[in-house]
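To keep things clear, I will list the structure first and then write my remarks on it.
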Amino acid sequence: MLDTIQAINRTAAFNRWAGFEVTSAGNGEAELRMDWREEDMGQYAGFLHAGMIGAMLDTVSGYAAATVAGRVLASHFSVNCISPAVGRAFIARGRVVKAGRKQVFAAAELYAQGDSADSLKLVATGNAILVPVEEPPPAPQETQKKSPPAA
C-alpha cells in the first residue's frame, strides 16, 4: 500500500512542489514529511503558513482514507492551529476514525520537528470527511483517421 500511495503522491503537482514525502501508509493510517523552506512556506512572522498546515492535514487524511476506501475526495475538513509552527521539518499523521460506504471520517495531527528526529511538537490538528469516488473513465481514443480537406 505504501508504494501505491507514494505513486499517487508523485502525480500531484502541488505535493511535488511542497516536497510532501509519504513515509508510511496502510491499514487506515498515513504519515507525511515535509522539510521547511523559509523562502516560500512562511507567513509574515516566519511560521509555517496556515495554508501549508491545512494542505498537509488534508493530504494525510486523504491518504489514510485511501488505504481503506480507495480513491477519495474531501467533502469537509477543519484545522485547529494550536501552537506556532516552527521547525526544520513537519510530520503529519492521519488515521481513519470510521469508514463507511459513503463517508470516511479521519483525524490528523501535525508536528514540528526540531533539530533531532525525536523532538516533535504538536502544532495543529484536523478532522476530515472524505467521500469515495469512482475511477474516472478512460479518455476516449480517436478511432477514425481524419480525411484530408477537399480540394
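General observations
- Tally of residues being in contact (Cβ under 8 Å) with a residue 24 or more places away in the chain, open to solvent by 30 Å² or more (accessible area, probe 1.4 Å) and either of a type outside the set (Phe, Trp, Tyr) or under 22 Å from SER24 (Cα atoms) (or both) across region 46-67: 3
- Test: GLU39 is within 13 Å of the chain's Cα centre (by Cα) and among the acidic types (Asp, Glu): no
- Top-ranked residue in region 68-80 [being out of contact with any Asp or Glu (no Cβ under 7 Å at 6 or more places or on another chain) and open to solvent by less than 80 Å² (accessible area, probe 1.4 Å); ranked as nearest to ARG95 (Cα to Cα)]: VAL68
- Of all residues making up region 14-45, the number that are open to solvent by less than 40 Å² (accessible area, probe 1.4 Å), more than 15 Å from ILE91 (Cβ to Cβ) and part of a loop (DSSP other than H, G, I, E, B): 1
The values are calculated or read from the model by the stated rules, or taken from the named source; none is laboratory data. Predicted model only: the values in this text are computed from it and were never measured. All Cβ positions, even for glycine, are placed from backbone atoms using ideal geometry, and neighbour counts span all protein chains on display. For accessibility, only protein heavy atoms count, side chains too; no ligands or nucleic acids. Shrake-Rupley method; radii C 1.70, N 1.55, O 1.52, S 1.80 Å.
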